[in-house]
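Below: one structure, written as structure tokens.
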Amino acid sequence: MALDYAATANVVLDHNVDYLQSLVFANGLCDATGVASENYNGPTGLIPILPTNAGGRDHSYRVKVSSGAAVEFTEYDEPVDATGDAYILCQPGTISIWEQVLTTGFAQDAAHGPEDLYNFLVEGMSEAARSMNDKLSNLLLGSGTNGLLTWIDDTATAGGISRGSYAAHGSYTTDMSTAKITESALATVVDAVISPDRGARKGELEWWTSATQARIYRKLPDGGQRFYPGAGAPMDLTYDADKLSFDGIPIRVIPDLVSSAWLLVHRPSVKIEQIRPLTVKNKFYPGDGDRLLMSWRGKPRVEKTHWCGKLENCATS
């Protein structure tokens, strides 16, 4: 009797959905529970995923783009006409990824019963999930339409909003022009983001950078302040790549982030709204075998881009 490939694949997904999803969002990339992790290497990740929108509505929200400016007045002055606040619809774009698992008829013939086929599919679907992780990581952390390097910028368009037209939603961005990172450059971005003009809260900020930049940063003078032991913990000067900090702000080393950038991230603002959870479908294959299609869709967004900053084009050696 032939083994039921499609039924076995569904059982694999039912029994291993949490495990497979953890592979898709591995390497500290995302947290499928919706709770951001305090540690990059912890069981959860950097970007919380909001629950699936079962209604299928567009994941959009309105953001303020202008308001009246405060002015000084003297006795008998009359206020000028106010234009009021204006709002614009922010419509984050969608990231859609898929991967397939092909099992030839010969491979299925070699399976010694349903349990063997089950284990074979677990292995194949796990490899597909890791491939999806690599693609998702590159898309989320890159400079494409929906990447963090685009969201955290002073001129690029993200979510349909051009920061060239609506400067109030631009992130504080400095082009280092291939100069090496300095503490002064980092301090300038922090001071700008927490200034009254922008108003970010320092305790909600994190620096995200590459391993290349972290190595350069460790060689800067005055290294004693740069080891972040965690809230409430005693200062520990023993080097730990996940405990770097600057001016009390933790530094997270992100493997897939471009090697020449530093992102000052307002952690509560960075989210992914899940549209389609990890899904497996049995797809027709014209040859001797069967094919599974694994897919996921979501909309990344940064809600308060003006509470973020960026140093770009930093020297990498």
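The values are calculated or read from the model by the stated rules, or taken from the named source; none is laboratory data. Not measured: the values here are computed from a predicted model. Cβ atoms come from the backbone with ideal geometry, glycine included; neighbour counts cover every protein chain shown.
The lone criterion from (1) in contact with a helix residue (DSSP H, G or I) (Cβ under 9 Å, 6 or more places away or on another chain); (2) among the hydroxyl-bearing types (Ser, Thr, Tyr); (3) at pLDDT 90 or above left unmet by residue 182 is number (1).
Only residues that are charged (D, E, K, R) and under 15 Å from residue 268 (Cβ atoms): list them for the range 298-317, please. It would help to see each step written out before you state the result.
Keep residues of the range 298-317 that are charged (D, E, K, R), which gives 299, 301, 303-304, 310, 312.
Within the range 298-317, 301, 303, 304 meet the criteria.
Candidates 164, 144, 124: the one that is in a loop (DSSP other than H, G, I, E, B) and modelled with pLDDT of 85 or more is 144. All of 195, 184 fail the test of being of a type in the set (Ser, Thr, Tyr), part of a helix (DSSP H, G or I) and more than 24 Å from the chain's Cα centre (by Cα), apart from 184. Taking (1) surrounded by fewer than 18 Cβ atoms within 10 Å (Cβ to Cβ); (2) touching a helix residue (DSSP H, G or I) at 6+ places or on another chain (Cβ under 7 Å); (3) at pLDDT 80 or above; (4) over 30 Å from residue 158 (Cβ atoms) in turn, residue 247 satisfies each apart from (4). Being surrounded by fewer than 18 Cβ atoms within 10 Å (Cβ to Cβ), of a type outside the set (Val, Ile, Thr) and modelled with pLDDT under 90 is a description that applies to residue 222.
Looking only at residues that are touching a residue at least 60 places away in the same chain (Cβ under 8 Å) and of a type in the set (Val, Ile, Thr) in the range 155-210, which one is surrounded by the fewest Cβ atoms within 10 Å (Cβ to Cβ)? Among those that are touching a residue at least 60 places away in the same chain (Cβ under 8 Å) and of a type in the set (Val, Ile, Thr), it is 178. Going by the structure shown, is residue 277 farther than 14 Å from residue 101 by Cβ, free of Cβ contacts under 8 Å to residues at least 24 places away in the same chain and out of contact with any Cys (no Cβ under 6 Å at 6 or more places or on another chain)? No.
Quick check, is residue 151 touching a Phe, Trp or Tyr at 6+ places or on another chain (Cβ under 7 Å) and buried (at least 19 other Cβ atoms within 10 Å of the Cβ)?
Numbers: touching a Phe, Trp or Tyr at 6+ places or on another chain (Cβ under 7 Å): no; buried (at least 19 other Cβ atoms within 10 Å of the Cβ): yes.
No, not satisfied.
Of the conditions (1) touching a Ser or Thr at 6+ places or on another chain (Cβ under 7 Å); (2) outside any strand (DSSP E or B); (3) surrounded by fewer than 18 Cβ atoms within 10 Å (Cβ to Cβ), residue 306 satisfies every one except a single condition; which number is it? Only one criterion is unmet by residue 306, namely (3).
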